[in-house]
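Structure record follows, encoded as structure tokens.
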Amino acid sequence: MSDAVDVIVGQWAAQRPDLTDELWPIEVLARIQRMNRIIEKQLKAFVAERDLEVGELDILTTLRRSGPPYTLTAGALIPAAMVTSGAITNRIDRMEAKGLVERVRDGQDRRSVRVRLTDQGREVAEKVMAEHLQHFASLLAPLDRDTCDTVASALRTLLKSHGDTSIG
């Protein structure tokens with residue numbers, strides 16, 4: 001069964017037969033790019049159905065997986081959100097208006113402000129994370145678990161080799 005990438009590779013091979021043996025990176029990377037577009041589109045629709053934005057889901061899940069008391073500084077949220085401090089402030093403002101998070105002063109350092117999940121935010125995070133996992137599993141449904149494990153391992157190797165070792 002062929003796909004759009006096979007068509008692209010075939011066109012290049014027909015137009016530049018001298019490159020046929022060099023087209024193999026397109027076989028992998030173009031498919032990763034295309035799958036990323038599908039994932040992003042699906043994820044935006046998924047969170048929109050829940051009155052959230054992708055960045056808000058990032059913050060909710062980051063706070064929830066941090067464990068009790070589900071509190072982090074805005075600075076600690078930046079790596080997960082992959083945005084600037086100004087953008088994280090805007091996200092937190094929107095989430096605070098929705099009742100999902102609250103800002104609290106640090107007990108030791110009154111100048112430091114932490115972001116904490118509210119009870120409502122924790123409930124949303126719990127519900128949405130379970131649905132999110134089901135949604136992602138449905139995207140991978142055509143593959144068996146062993147294949148998924150192999151793909152995950154290969155992608156981990158690629159990411160690490162290109163310096164993507166940050167936790168977010």
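The values are calculated or read from the model by the stated rules, or taken from the named source; none is laboratory data. If you're wondering where the values come from, they're calculated on a predicted model, not measured in any experiment. Cβ coordinates were reconstructed from backbone atoms using ideal geometry, including for glycine residues, and neighbour counts include every protein chain displayed. Quick note on the areas: whole protein, heavy atoms, side chains included, nothing else; ligands and nucleic acids left out. Shrake-Rupley method; radii C 1.70, N 1.55, O 1.52, S 1.80 Å.
Listing for the model above:
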{"quantity": "Heavy-atom accessible area ranking, 1.4 Å probe, most first, across ARG65, ARG111, ARG116", "calculated": "ARG111, ARG65, ARG116"}
{"quantity": "Listed values [x] 10, 39, 36, 13, 2, 0; [y] 9, 28, 29, 19, 10, 4, 1; [z] 11, 42, 37, 9, 1, entry calculated as P(r) over Cα pairs in 10 Å bins from 0, in percent", "calculated": "[y]"}
{"quantity": "Percentage of interatomic Cα-Cα distances in the stretch 84-141 larger than 15 Å", "calculated": "62 percent"}
{"quantity": "Lys/Arg +1, Asp/Glu -1 at C-beta; the stretch 52-143 dipole; positive extreme among GLY55, MET95, PRO69", "calculated": "PRO69"}
{"quantity": "Label-point separation in nm, LEU43 to LEU23, each point 7 Å along Cα→Cβ", "calculated": "3.1 nm"}
{"quantity": "Solvent-accessible area per residue for the stretch 1-49 (1.4 angstrom probe, square angstrom)", "calculated": "79 Å²"}
{"quantity": "In nm, spacing of pseudo-spin labels at THR73 and ASP109 (7 Å Cα→C-beta vector)", "calculated": "0.4 nm"}
{"quantity": "The stretch 1-49 - percent of accessible surface contributed by carbon and sulfur, probe 1.4 Å", "calculated": "59 percent"}
{"quantity": "Computed [θ] at 222 nm, helices only, for the chain once each DSSP H run of length n ≥ 4 contributes -39500 (n - 2.57)", "calculated": "-21000 deg cm²/dmol"}
